[in-house]
């Protein structure tokens, strides 16, 4: 073992002693995620997508090869077998999140974005109503504003504030006090930002509901490494993507819903499987199926849904609290090391956006690497260089424009450069270059994130990569480090 690595690991363990208790995850990585090390991958994009275990694939394959499964919309033996597996998956989701079936149900969709669209298109927005959301929502949550505005509801954003990219809780509470009585209002926020890793108070759910709001708690970035107990926290809608939690399958997400909240939704259309009966002869005659059936368009992915049950069982067997302990230790170390990196001049080599302490944050870290003159290196060049070293991280805005705009000091006038004028910048790359050229600001970020199969070597590899750029100037035209 490299002496420098061994010394770093020893210091890491002394600072984060809880990591030693997660050694079972090292054995799991060696058995169920062996391809990572066999192929030389340093995977640091768990917020983008989780990794599946070998045992998940084997279990799902064995189930499919040992079964004959038909379209569940029937009563024949193969259909009944599929229906049973679909019901098992629905029960597994509720069980994993400790959600009482008498209070909660599950709608399966293609992903969290599909689940969010169901809420957006069906929520009874109208004049006098409100859609309140935080700046740091994912674009799939931001997109609901188009439905709200079209139906006459008022859309309000609560800003996040530098440097931690958190919302002022007093501002949130003040806005929540303004729910018009008897008018449908929706409050949406992420349990964890997919940009900064900020974790907002789950107590906001109860506060909002007590004041008449329906609450959409986006848990797509939160659920893979944090415990969500729906017996204690009771949002009305919880969107999820299962591939972010356990890697496979990639085409199924869910909307966990409170029954009383779902009854208020009004679907603007119907499809096969969503109605009990329809007629082409009447004037719009159809009856929407009750509960989840009215919102699952067409036939659910009944061959993949057993893999959801298998994936949830895999996570449960590993232990979400064990995963959380490891992820937070690695996060704390990486944030500390990035903050400590410096050029010989003393100028910092890295800048972390968001919390630099572990309190109320998750395992997602947004950052820049900085040239000696303080300007950020071009992140696309760094992403490519990291890739050549076998490191998978992410760059961009991560579909989270609010966090990115505040983190990089991008003003409304700056963003207007991308939307107004005779030739607006219509792609993210064009917009980035337009703003950089016009203002000197760089609205593009790097992101590393940890998950179930992460280990210290992954975090160490990223720091070692960053250290390569100590005292390296940036190309004055491209912004890329001069050594690339």
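For residues that are touching a helix residue (DSSP H, G or I) at 6+ places or on another chain (Cβ under 8 Å) and outside any strand (DSSP E or B), scanning just segment 149-168, find the one that is modelled with the lowest pLDDT.
Only one residue fits best here, namely 162.
Given (1) in a loop (DSSP other than H, G, I, E, B); (2) more than 21 Å from residue 321 (Cβ to Cβ); (3) touching a strand residue (DSSP E or B) at 6+ places or on another chain (Cβ under 8 Å); (4) modelled with pLDDT of 95 or more, identify the lone condition not met by residue 204.
Failed condition: (1).
Restricting to segment 318-356, give me the number of residues that are surrounded by fewer than 18 Cβ atoms within 10 Å (Cβ to Cβ), closer than 16 Å to residue 192 by Cα and either modelled with pLDDT under 95 or in contact with a helix residue (DSSP H, G or I) (Cβ under 8 Å, 6 or more places away or on another chain) (or both).
Residues that pass the stated criteria total 1.
In segment 304-318, how many are under 20 Å from the mean Cα position of the chain (by Cα) and over 18 Å from residue 244 (Cβ atoms)?
Count: 0.
Any chance segment 309-317 includes a residue that's in contact with a helix residue (DSSP H, G or I) (Cβ under 9 Å, 6 or more places away or on another chain), under 23 Å from residue 70 (Cβ atoms), in the same structural domain as residue 123 (by TED's automatic domain parsing) and at pLDDT below 85?
no
Mind listing whichever residues of segment 81-97 are surrounded by fewer than 20 Cβ atoms within 10 Å (Cβ to Cβ), closer than 17 Å to residue 311 by Cβ and out of contact with any helix residue (DSSP H, G or I) (no Cβ under 6 Å at 6 or more places or on another chain)?
The answer is 87, 91, 94, 95.
Being farther than 30 Å from residue 59 by Cα, buried (at least 20 other Cβ atoms within 10 Å of the Cβ) and at pLDDT 90 or above: is that true of residue 258 here?
Judged against the criteria, residue 258 is a match.
Any idea which of (1) over 17 Å from residue 359 (Cβ atoms); (2) in a loop (DSSP other than H, G, I, E, B); (3) out of contact with any helix residue (DSSP H, G or I) (no Cβ under 6 Å at 6 or more places or on another chain) is the one residue 195 doesn't satisfy?
Exception for residue 195: condition (3).
What are the residues in segment 419-458 that are in contact with a strand residue (DSSP E or B) (Cβ under 8 Å, 6 or more places away or on another chain), under 30 Å from residue 311 (Cβ atoms) and either at pLDDT below 80 or not in a loop (DSSP other than H, G, I, E, B) (or both), if any?
Hits for segment 419-458 are 445, 446, 447, 448, 449, 457, 458.
What number of residues in segment 244-254 are out of contact with any strand residue (DSSP E or B) (no Cβ under 6 Å at 6 or more places or on another chain) and outside any loop (DSSP other than H, G, I, E, B)?
Final tally of qualifying residues: 3.
Could you tell me which residue of segment 106-126 is farthest from residue 309 (Cα to Cα), considering only residues that are surrounded by fewer than 20 Cβ atoms within 10 Å (Cβ to Cβ) and touching a helix residue (DSSP H, G or I) at 6+ places or on another chain (Cβ under 8 Å)?
Residue satisfying both the conditions and the ranking: 121.
How many of the residues in segment 181-206 are buried (at least 21 other Cβ atoms within 10 Å of the Cβ) and on the phi > 0 side of the Ramachandran plot?
Here the count works out to 1.
The values are calculated or read from the model by the stated rules, or taken from the named source; none is laboratory data. Predicted, not measured: the structure shown is a model, and the values here were computed from it. Note: ideal-geometry Cβ built from the backbone for every residue, glycine included; neighbour counts use all protein chains shown.
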